[in-house]
1. Quick one: which strands (runs of 3 or more DSSP E) sit completely within region 312-384 and have at least 2 residues that are under 20 Å from the mean Cα position of the chain (by Cα)?
2. Would you check which residues across region 77-95 are out of contact with any Lys or Arg (no Cβ under 8 Å at 6 or more places or on another chain) and outside any helix (DSSP H, G or I) and list them?
3. Kindly list, by first and then second residue, each pair from a residue in region 49-69 that is assigned by TED's automatic domain parsing to the domain that holds P30 to a residue that is polar (S, T, N, Q) and surrounded by 12 or more Cβ atoms within 10 Å (Cβ to Cβ), limited to pairs with Cβ atoms under 6 Å and residues at least 6 apart or on different chains.
4. Restricting attention to region 214-272, and to residues there that are farther than 25 Å from G308 by Cα, modelled with pLDDT of 95 or more and of a type in the set (A, V, I, L, M), which single residue is surrounded by the most Cβ atoms within 10 Å (Cβ to Cβ)?
5. Which of the following residues is out of contact with any Ser or Thr (no Cβ under 9 Å at 6 or more places or on another chain) and outside any loop (DSSP other than H, G, I, E, B): G234, G240, G247?
6. For region 173-196, name all the residues that are of a type outside the set (A, V, I, L, M, F, W, C) and surrounded by fewer than 20 Cβ atoms within 10 Å (Cβ to Cβ).
7. Is one or more of the residues making up region 55-68 at pLDDT below 95, surrounded by fewer than 15 Cβ atoms within 10 Å (Cβ to Cβ) and in contact with a strand residue (DSSP E or B) (Cβ under 6 Å, 6 or more places away or on another chain)?
Amino acid sequence: MSPHPSAPPGRTATGPLDGVRVVELAGIGPGPFAAMLLADLGADVVRVDRPGPSPLGGDPAHDVTNRNKRSVLIDLKSPEGPETVRALAERAEILVEGYRPGVAERLGVGPEACMAANPALVYGRMTGWGQQGPLAPRAGHDIGYIATAGALSMIGPPDGPPVLPANLLGDYAGGSLYLVTGVLAALLTARATGRGQVVDAAIVDGAAHLTTLFWGMLAEGTWQDARGRNLLDGSCPFYGVYETADGGWMAVGALEPQFYAVYVALLGLDAAALPDRADPHNWPALRAEFTARFKTAGREEWTAVFEGTDACVAPVLSLREAARHPHLAGRGTYTEAYGTTQPAPAPRFSDTPGSLRLPPAVPGAHTPDVARDWGVPELLKGQR
């Protein structure tokens, strides 16, 4: 793997958010990932960890979502804990928390308390169900949020169960990325007006928002509200996956006619002899043709046939295989840092690129440094 692009010669850049201070109240899932993204882009993210074991177990030194952050230990249930968090918030521009509605308020670190001392603070709230609504106080996970938002119903074969997209679609796409978009937009307003605000980022909202295209297609009658009957949901034979002779898989996305022509030719089939692809009634026959053809060779053989062409066909790679792919290696999409292979910061900036400055933050490891740099001596109370 090649290194990720670095700062231009002669200057040191930590990213476009260099100088932005962020407080992250430690949680799990989409909140930490959102804070990692801000940190990758150069923000000084201080994660407030509670004393005790990690909520997910395991070694925090390997939790890559806590890279580029610094950690302090604060017991929010102690008499001085909330005051110390509010002191950090007073010096920050953004605060991110992922508690259930009302918990931050009960702990004394809700928006009203934190913004009393810092009216320009952007207070980002990451939840599954949102701050209000019948389900707001209830527990949940990615699978339930995307199921309720309608997104899960779209994924999978028509004659089988919906397929789980790990927790990428809800937690990270519908949650983390919407939270980051929200707090950065609010930061622009706060800098212009001096007034902060609360950003309510609910995974159900984000997951629903991601389906916008299909609501338009439903309205015009070009999308069926049923799994496995549409152009992009696996029903279409030239937009799907096919098993190879060795049990591997190839992903086919030859939607446009010009790409389809290249695909069919490289597959070794005569386009003139195939059924008309424009008629969905022919799709089962086309799928049978493609299925049989892919079964004649292994994944690596088909990869050699299609790679570097406009057929829009790619091998389905595992995580470790993806990190070794020549294109991703050439771009530095994955990198080796602090003994761990991991995705490099994204997106990329021509003048202020993000960087991997710090390994995953071990709880409490940076308490003295943050106390000094942020001017919060309260952090040192009880430190030995």
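The values are calculated or read from the model by the stated rules, or taken from the named source; none is laboratory data. Owing to the predicted nature of the structure, the values given are computational and were not obtained by experimental measurement. For neighbour counting, all protein chains shown are included, and Cβ atoms are generated from backbone atoms with ideal geometry for every residue, glycine included.
1. 334-337, 340-343
2. Passing the criteria: K77, S78, P79, L95.
3. D49/S71; P60/S54; V64/Q342
4. M217
5. After ruling out the rest, the residue left standing is G240.
6. The answer is T181, T189, R191, T193, G194, R195.
7. Taking every residue of region 55-68 in turn, none turns out to be at pLDDT below 95, surrounded by fewer than 15 Cβ atoms within 10 Å (Cβ to Cβ) and in contact with a strand residue (DSSP E or B) (Cβ under 6 Å, 6 or more places away or on another chain).
The rows are residues; the columns are (1) among the acidic types (D, E); (2) farther than 17 Å from V183 by Cα; (3) assigned by TED's automatic domain parsing to the domain that holds A201; (4) surrounded by fewer than 22 Cβ atoms within 10 Å (Cβ to Cβ).
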site: G81; (1), (2), (3), (4): no, yes, yes, yes
site: E93; (1), (2), (3), (4): yes, no, yes, no
site: G110; (1), (2), (3), (4): no, no, yes, yes
site: A113; (1), (2), (3), (4): no, yes, yes, yes
site: A116; (1), (2), (3), (4): no, yes, yes, yes
site: A120; (1), (2), (3), (4): no, no, yes, yes
